[in-house]
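Have a look at the structure below before the remarks.
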Amino acid sequence: MEINHQQVMKKLIFVFVLLFVVSCGGDYVNKPKNLLSESKMAEIMADLSINDQAIMQYPNSNLEAGTRYVLKTHNVKSNDFVESFKYYVVKQKMNGIVEDAQKILIEKDPKADKYIKDKKSNKPAELQVAPVLSK
């Protein structure tokens, strides 16, 4: 079996050109029709974080029901949230949204500040104890 180097080179060039076109193509995700604002996403993310913490405290609770409840309280359809989430991830805005969500959590429960700072400092998991959310 003989390898034709010219054909191999043509295929490699095609692959590189294709990768270049795709990487420079711009938007991978179109702006959703019902795009949620960054502040709305931060509020939802904060509430979802509280819901997630509740699941950790009460393992027999239903995560899906809690998530639906959070979205319902914000009058957001799950599809709109997912599409907005994808959009902000691709646009590399999710870090800012998560930081805003952390600020919202700290406003709701100041004890969360120490937990967040410990998480950011990457302490071992056994030293981190999740704060009990106050009412």
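Since every read-out is calculated from the coordinates, none of them should be taken as a lab result. Because the structure is predicted, anything quoted here is derived from the model rather than measured. Heads up, the Cβs are rebuilt from the backbone with ideal geometry, glycines too, and the neighbour counts pull from every protein chain shown.
Once the mean 1/r over all distinct Cα pairs of segment 42-86 is inverted, what Kirkwood radius in angstroms do you read off? That comes to 10.8 Å for segment 42-86.
Rounded to the nearest whole Hz, the Karplus-based 3J(HN,Hα) values (6.51 cos²θ - 1.76 cosθ + 1.60, θ = phi - 60°) of segment 49-64 follow the sequence 5, 5, 4, 5, 5, 5, 5, 5, 6, 10, x, 7, 7, 9, 4, 5, with x at glycine and proline. Approximating the spin labels as points 7 Å out from Cα along Cα→Cβ, the Lys103-to-Met56 distance works out to 2.3 nm. Summing charges over neighbours of Lys33, with a neighbour being any other residue whose Cβ is under 14 Å away from its Cβ, gives +1 when K and R count +1 and D and E count -1.
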